[in-house]
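Some notes on the structure that comes next.
Nothing in this text is a laboratory measurement; each read-out follows from the coordinates by a stated rule. Quick caveat: nothing in here was measured; it's all calculated off a predicted structure. Every residue, glycine among them, receives a Cβ derived from its backbone with ideal geometry; neighbour counts consider all protein chains shown.
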Amino acid sequence: MKIAGTGRAMPSLSVNNDMLSVILDTNDEWISTRTGIRERRILSKERLEDLAVSAARAALVSANVAASDIDYMICSNVINNFVTPSLSCIVQGEIEARCPCLDINAACSGFIYALDLADALLKTGRAHKILVLCAEQPSRMVNWKDRSTCVLFGDGAGAVVLTDESEDFKAFKISTVSKTDPLYYQRAMEYNPFVMLPDSDAPMIMNGKEVFKLAVSSCLSDIKQALSLAGKTVADINYYLLHQANLRIIQSIRELLEISEDKFPHNIERYGNISSASIPVLLDELHEAGTFKKGDTILMSAFGAGFTSGACIVEWSI
Ligand code: UT7
């Protein structure tokens, strides 16, 4: 599997920490020192579907692949306007693709899980060109009155086009451990005359400290196992693209691996945590900036609700 092109689309509304301090008992100093986040993008006028379509189109242009040549689409998404049909069905129609489509929900690890599925489809010859799209809107799940969660998240979409032209992916390590308490969001139920509705229709619940610890331990374990599967050392990696959830999580992992800061690019300061879209958005920004050279080895690692996590190693070839 080869990454042939990348794309992203972000909402136009930027909400900085000072704007949050007007509606919440918080301040820029707390948010930026505890998380590294200074601003995030929030969907207001646009719809998530529009963002997803723009990111998908950008990735197709970047790969120089026509939508009609895509033979499978995987969309990673936790929540959107529709429970059904899937977001990928909506995007397929708008970009005029004709391939089978499905959505997956592996929370913030969704990009790595989608890449793993795509790799399997390409290896078996069931597909030759796959669009992986991550479109996320955590702003519709968080409790905007809870300062310990809402300041962390933002919305956005990132995409990649994958082809079977070369074998650039050197290792995948994905894992799931059923631990639902640290982070969850319950869907509200529609009125049903035969069922007593639960009292609460609670927004996202998160135990930040527990998620922090799980994030560091699972990321470290995945990174080490992926390196071992690929027969590489920590020093062989040119760039570590980690899930952008908290700059302190990224720094903890970096310090434990004893690697210099320049190998850990980040954009969390501008976007906050955009769930599974965070790595493809960062990947696209770095690709656009010309950061990657042909032959660079990139390790991507994410973690999220579930508890899910995953890492993969790819050699850059565009
Ligand atoms: O994709 C996965 C998604 N989730 C994550 O990755 C979350 C991982 N966890 C974290 O990033 C951190 O645990 C947080 C940023 C959520 C919290 O940082 P912390 O250093 O663990 O802070 P804390 O929860 O221990 O809170 C410290 C204090 C508390 O006040 P008291 O009890 O010490 O008086 C909080 O009430 O900070 C307070 N606090 C805030 N103060 C100002 C919590 N949120 C805020 C806020 N502004 N926004």
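Of the trypsin sites (Lys or Arg not before Pro) found in region 159-235, those in coil by DSSP whose Cβ has at most 14 other Cβ atoms within 10 Å are R187.
Summing charges over all other residues whose Cβ lies under 15 Å from the Cβ of F153, with Lys and Arg as +1 and Asp and Glu as -1, gives +3.
Taking packing as the residue-averaged number of other Cβ atoms within 10 angstrom, the listed peptides 100-112, 254-266, 11-23 run from highest to lowest as 100-112, 11-23, 254-266. The Cα center of region 218-244 and the Cα center of region 67-129 differ in position by 25 Å. Where the centre of each part is set by its Cα atoms, how far does region 130-160 sit from region 12-62, in angstrom? What the calculation gives is 8 Å, centre to centre. Sparse packing (at most 13 other Cβ atoms within 10 Å of the Cβ) combined with a DSSP loop state is found for the following GluC sites (Glu not before Pro) in region 90-154: E96.
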